[in-house]
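Here the structure is laid out as structure tokens; the discussion comes afterwards.
The values are calculated or read from the model by the stated rules, or taken from the named source; none is laboratory data. Just so it is clear, the structure is predicted and the values come from calculations on it, not from any experiment. Quick reminder, even Gly has a Cβ in these numbers, built from the backbone with ideal geometry, and neighbours come from all protein chains shown.
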Amino acid sequence: MKKIWRGSGPKVICALALAVASFTMGYRMNDKYFDIAKNLDIFAAVFRNLNTYYVDSIEPEKLMATGIDAMVGSLDPYTTYYPENDLDELDFQTTGKYGGVGLSVREIHDSTVVSDVYQGSPVDRAGIRAGDIILSISGHNAGGLPDEEISKLLKGEPGTSLQIELKNPVTGMETTKSITRQEIDIHSVAYAGMAGDSIGFIKLTQFTQYSANEVSSALDSLARTNPGMKGVIIDLRSNPGGLLDEAVKLSSLFIGGSQVVVSTKGKASGWNRDYTSGIIAKYPHLPLVVLTNRLSASASEIYAGAMQDLDRGVILGQRSFGKGLVQTTRDLPYNTKLKVTVAKYYTPSGRCIQAIDYAHRNEDGSVDYIPDSLRKSFRTHDGRTVKDGGGIEPDVYQVPDYLSNISVTLLSRDYIFQYATWYYYSHPDLKPSPKTFSISDSDYNGFIRFISGKDYKYHTRTQDDLDELEKAARKENYLEDVKPQLDALNQQLALEKGKDLVRYKTEIENLLNQEIIGRYYLLPGRIARSLSFDPEVIRARSILRDTSEYQGIISGRITEPAPVEDSAD
């Protein structure tokens, strides 16, 4: 027996260990499945009892949708349930296509006003322009209707028709136009052109199907018509992202050799994979600057992160949003879908740039940004230091170009928009140049007359500080002594604010020029006009024209001190 025991001992012990492990694993799995089954039973019982006994009638579909929304809402904002009637929204996010007429609206003074028209759309061909007032849509009064209701009336199956009753905002003339809906394809490349004589510029607004092909075609066209092109600017500012595959394809235009562009890791092993570039890149040596800001997210960050980690381009602007999560859609019963976060993605250096920790919520359910002290350092292909956990930090930081208080007020109260509408209808035969159009001093004085008598009062931080000083003086019984000085300061501040139309004339003129040119050439015109005064485009253009500076930034020989940013902004 002893011999048998000695010889079989290790085998017996291994067998016992495997049995215990299997039992423990089975117990844990059974325990997990029991918890799931138990809670599903409880959920069904609650729903059944509410439906049977609640004092008022209940809409089962609405109640269930509330429960589902609360369930996915406890995870992250990207995991979303789509009932059947919202699937069009999901399709639009991935394809950039929808059935409609190609316009957007806003409310001005209780009127529904066309705010933008998509180039080549049915309403564009019908001559409808931003500023036109929509009175009714197929017999439905449009005045005061919420934007989502207007959207439902305008969207529909391609080939179907609707009647839009319009009012000219300048002449007051009313017309009715019959519009046939079509498939509206919102192109990802909103504009492609030259930002100066030797630098290409491409504005990419989203990563939907064929985005990389659109950029490739735009680059081919720019290179063909500008053989001396020294570099290109890819503008990803406020690009919310989209399809991961399109970010990989876009990277492959600039990076060859089957290099890893991005990796994903998830709970399900099927999501653990590397995405590589193509073998041959179309533009492997074309100098590149990528523009980002705080609203550049997801696929935008995959592309920017790959260009940075592989030392292929200069990232310029502000730190990106920090969305390092990957979603996929799952089919559910009754033609519903679930968009669910299935993985995290990692840039070529191995960093995940996810900035918000949704996995560890506070007791009140809120979430926090990952503190800088916990962010780890990684190395790019050529040895530059980059960090995880907080978006893509630019190689060249550009201070955001904040508008003055008066410009924000004029924009928010639609005075810039309304004046552009008046200008367009007052100059119907004008054929302005999209890049160089500028209003005259006489036009600007006309704008000042246009807003004369209108309310464009605004508060300043100086005014807030004076108000706080007055409150403190009153509380501490100093007000009677300092009141004359406070009154004098308030009067002087009012005088200075009155000069703001002159002080910020250039800034306001730029806004007017953009909005006016948009009436003639729509969104591409507005983008083209902005290139001459956009500080980030101007800086990017300067870097691309200076080979030594460009190479110095790429190699890490030229660095700029990183600014202190509030990651919770």
Taking the stretch 306-331 and keeping only residues that are in a strand (DSSP E or B) and either touching a residue at least 24 places away in the same chain (Cβ under 8 Å) or among the basic types (Lys, Arg) (or both), one is left with Val314, Ile315, Leu316, Gly317, Leu325, Val326, Gln327, Thr329, Arg330
(1) touching a residue at least 60 places away in the same chain (Cβ under 8 Å); (2) over 29 Å from Tyr424 (Cα atoms); (3) part of a helix (DSSP H, G or I): which one isn't true of Glu61, the others all being true?
-> (1)
Can you name every residue in the stretch 387-415 that is buried (at least 21 other Cβ atoms within 10 Å of the Cβ), outside any loop (DSSP other than H, G, I, E, B) and β-branched (Val, Ile, Thr)?
-> none
Boolean, Gln491 is at pLDDT below 90, buried (at least 16 other Cβ atoms within 10 Å of the Cβ), part of a helix (DSSP H, G or I) and not aromatic (Phe, Trp, Tyr) | no
Please find, within the stretch 263-305, the residue that is nearest to Ser548 (Cα to Cα) out of those that are assigned to a loop (DSSP other than H, G, I, E, B) and polar (S, T, N, Q).
-> Asn293
Mind counting the residues in the stretch 189-212 that are surrounded by 21 or more Cβ atoms within 10 Å (Cβ to Cβ) and part of a loop (DSSP other than H, G, I, E, B)?
-> 4
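Is it true that Leu403 is on the phi < 0 side of the Ramachandran plot, modelled with pLDDT of 90 or more and aliphatic (A, V, I, L, M)?
Values: on the phi < 0 side of the Ramachandran plot: yes; modelled with pLDDT of 90 or more: yes; aliphatic (A, V, I, L, M): yes.
So Leu403 fits the description; yes.
Those residues that are among the hydroxyl-bearing types (Ser, Thr, Tyr) and assigned to a helix (DSSP H, G or I), I need them from the stretch 494-537; list them, please.
Within the stretch 494-537, Thr506, Tyr520, Tyr521, Ser530 meet the criteria.
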Does Glu149 satisfy the criteria of being surrounded by fewer than 18 Cβ atoms within 10 Å (Cβ to Cβ), out of contact with any Lys or Arg (no Cβ under 9 Å at 6 or more places or on another chain) and among the charged types (D, E, K, R)?
-> yes
State yes or no: is Ser298 within 25 Å of Tyr81 (Cβ to Cβ), of a type in the set (Ser, Thr, Tyr) and either out of contact with any Asp or Glu (no Cβ under 6 Å at 6 or more places or on another chain) or surrounded by 18 or more Cβ atoms within 10 Å (Cβ to Cβ) (or both)?
-> yes
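Table: residues versus (1) out of contact with any helix residue (DSSP H, G or I) (no Cβ under 8 Å at 6 or more places or on another chain); (2) polar (S, T, N, Q).
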position	(1), (2)
Leu403	no, no
Pro428	yes, no
Asp455	yes, no
Glu480	yes, no
Leu489	no, no
Gln492	yes, yes
Is one or more of the residues making up the stretch 279-288 under 25 Å from the mean Cα position of the chain (by Cα), in the same structural domain as Ser216 (by TED's automatic domain parsing) and crowded, with 23+ Cβ neighbours inside 10 Å?
-> no
